[in-house]
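Peer 1: Structure in structure tokens, see below.
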Amino acid sequence: MSEEITALQHFDDASLDTAFAALAEEARLETASLTDPEAFRLHWLGRKQGRLKLISEAWLKSAPPEAKKALGIRFNQLKQQIEAALESPATATKSAVQGIDITLPGTLRTPGIPHPLLKTMHEIVSVFHHLGYSTNLGPQVESDFFNFEALNFPPNHPARDTQDTLVIANQHSRPSRDRLLMRTHTSPVQIRTMIAQAPPIRIVIPGKVHRNDAADATHSPIFHQIEGLCVDTNITFSDLKGTLDHAMKALFGSDVKTRFFPSFFPFTEPSADVQISCIFCGGKGCRKCKHSGWIELLGCGMVDPAVFAAVTAERRKINPSDDAYNPEKITGFAFGMGVERIAMMLHGVSDIGHFYSGDMRFLEQFA
Ligand code: DAH
């Protein structure tokens, strides 16, 4: 868009005046009918092809030394005239009017909402807060000791196979208890809590856990659990049953019934799986509960004395006479549940992958 600049033949004041007057008039006419200030700016002040740049190359450089000053003064006047035109309020208004079409709808910012998983986690934790529990958190990169050994999974014991573990690379030079892995459950935070704090303990531990599971409609290699731990004098299996029965009714409705089945976890003895009456058919039997009327929801049990022994050994490294977790004096119960599974049941979600997809059409349903 830049036109050729014709070379100047004469550099006397009169010739310079004529040449610059023509340019000033050209700029003035353009300013008067200005519709696109940015194009005008580029046309005159563009760093590579702007008219002023071409003029300075064609004229200033070829001017005889005695004419350079006179030429420079006129050149600067022209430049100031163009800059002033660009800065004038009339030009500014044109830029603004051109940049914004006030008849277009504005940009809508939808308010944020808690993610359905966080919301569910919050709901579960809050049921226990009302029972006087507090919350604790722990690391997702965990040591073998906390994730397994202190929870009574001895090294190489087949019970470890139930939790397909993602391990951190290059750990073989370390003693086995210090080797790092992605925690497979939130239970290690039970150990961390008891080492740090004497009974009574009532805590819930929400958090992310990791397993080397292939993703499908009900599995994801990263998911969430909520762990619970209660340790005090005279804690019995009845306390465990009463607490979890209350929690399930608070979450799923007061009509829900619970039942406890014998199970196995290395860190609880006895252990149980908790089932709730099917919330879809009320216990009559349907496809969701595989026509049994019951749905299995969480694991629990009384804290195994071997766990208290591991905790005591750690506490005695700091205080050799520590006896806070003497199983003759205290007992406790623990439980663990999957957040995704509960969120899927509460909201009728059929594929776990929806939670991680970031699909607004899914998420908006929880607004
Ligand atoms: N940590 C177990 C798991 O991930 C769940 C669990 C079961 C936690 C029983 C507990 C418990 O605290 O007592 O499969």
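The values are calculated or read from the model by the stated rules, or taken from the named source; none is laboratory data. Only a predicted model underlies this, so the values are computations on that prediction, with no experimental measurement involved. All Cβ positions, even for glycine, are placed from backbone atoms using ideal geometry, and neighbour counts span all protein chains on display. Note: areas computed on protein heavy atoms with side chains; ligands, DNA, RNA excluded. Shrake-Rupley method; radii C 1.70, N 1.55, O 1.52, S 1.80 Å.
Peer 1: Output the residues belonging to the range 165-188 that are assigned to a loop (DSSP other than H, G, I, E, B), away from the ligand (no atom under 11 Å from the Cβ) and closer than 29 Å to Asn326 by Cβ.
Peer 2: Of everything in the range 165-188, just one residue is assigned to a loop (DSSP other than H, G, I, E, B), away from the ligand (no atom under 11 Å from the Cβ) and closer than 29 Å to Asn326 by Cβ, namely Pro175.
Peer 1: If you go through the range 310-348 one residue at a time, how many are under 23 Å from Cys281 (Cβ atoms) and either without any contact (Cβ under 8 Å) to a residue 40 or more places away in the chain or surrounded by 19 or more Cβ atoms within 10 Å (Cβ to Cβ) (or both)?
Peer 2: Of the residues in the range 310-348, the ones under 23 Å from Cys281 (Cβ atoms) are 337-338, 340-348.
With the extra rule that they be either without any contact (Cβ under 8 Å) to a residue 40 or more places away in the chain or surrounded by 19 or more Cβ atoms within 10 Å (Cβ to Cβ) (or both), the set shrinks to 337-338, 340-345, 348.
Residues meeting the conditions: 9.
Peer 1: Restricting the search to the range 140-164, which residues are open to solvent by less than 70 Å² (accessible area, probe 1.4 Å) and part of a helix (DSSP H, G or I)?
Peer 2: Asp144, Phe145, Phe146, Asn147, Glu149, Ala150, Leu151, Ala159, Arg160
Peer 1: Another question, then. Of everything in the range 189-203, what is open to solvent by 30 Å² or more (accessible area, probe 1.4 Å) and outside any helix (DSSP H, G or I)? Give them in sequence order.
Peer 2: Taking the range 189-203 as the starting set, the residues that turn out to be open to solvent by 30 Å² or more (accessible area, probe 1.4 Å) are 192, 195-200, 202.
If the condition is that a residue be open to solvent by 30 Å² or more (accessible area, probe 1.4 Å) and outside any helix (DSSP H, G or I), then Gln197, Ala198, Pro199, Pro200, Arg202 are the ones that fit.
Peer 1: Answer yes or no: is there a residue in the range 206-221 that is among the β-branched types (Val, Ile, Thr) and open to solvent by less than 40 Å² (accessible area, probe 1.4 Å). Spell out how you get there, then give the answer.
Peer 2: So in the range 206-221, the residues among the β-branched types (Val, Ile, Thr) come out as 209, 218.
Retained after the next criterion (residues that are open to solvent by less than 40 Å² (accessible area, probe 1.4 Å)): 209.
Yes: the range 206-221 contains one or more residues that are among the β-branched types (Val, Ile, Thr) and open to solvent by less than 40 Å² (accessible area, probe 1.4 Å).
Peer 1: Could you please find all residues in the range 252-302 being among the aromatic types (Phe, Trp, Tyr) and at pLDDT below 95? Break it down into steps so the answer makes sense when it comes.
Peer 2: Initially, the range 252-302 is screened for residues among the aromatic types (Phe, Trp, Tyr), giving 252, 260-261, 264-265, 267, 280, 294.
Hit for the range 252-302 is Phe280, nothing else.
Peer 1: Got a sec? Which of Thr120, Thr135 is open to solvent by less than 70 Å² (accessible area, probe 1.4 Å) and in contact with a strand residue (DSSP E or B) (Cβ under 6 Å, 6 or more places away or on another chain)?
Peer 2: Working: Thr120 fails: in contact with a strand residue (DSSP E or B) (Cβ under 6 Å, 6 or more places away or on another chain).
Answer to the selection: Thr135.
Peer 1: Considering the range 230-288 alone, what residues qualify as being near the ligand (Cβ under 10 Å from one of its atoms) and small (Gly, Ala, Ser)?
Peer 2: Matches in the range 230-288: Ser263, Ser271, Ala272.
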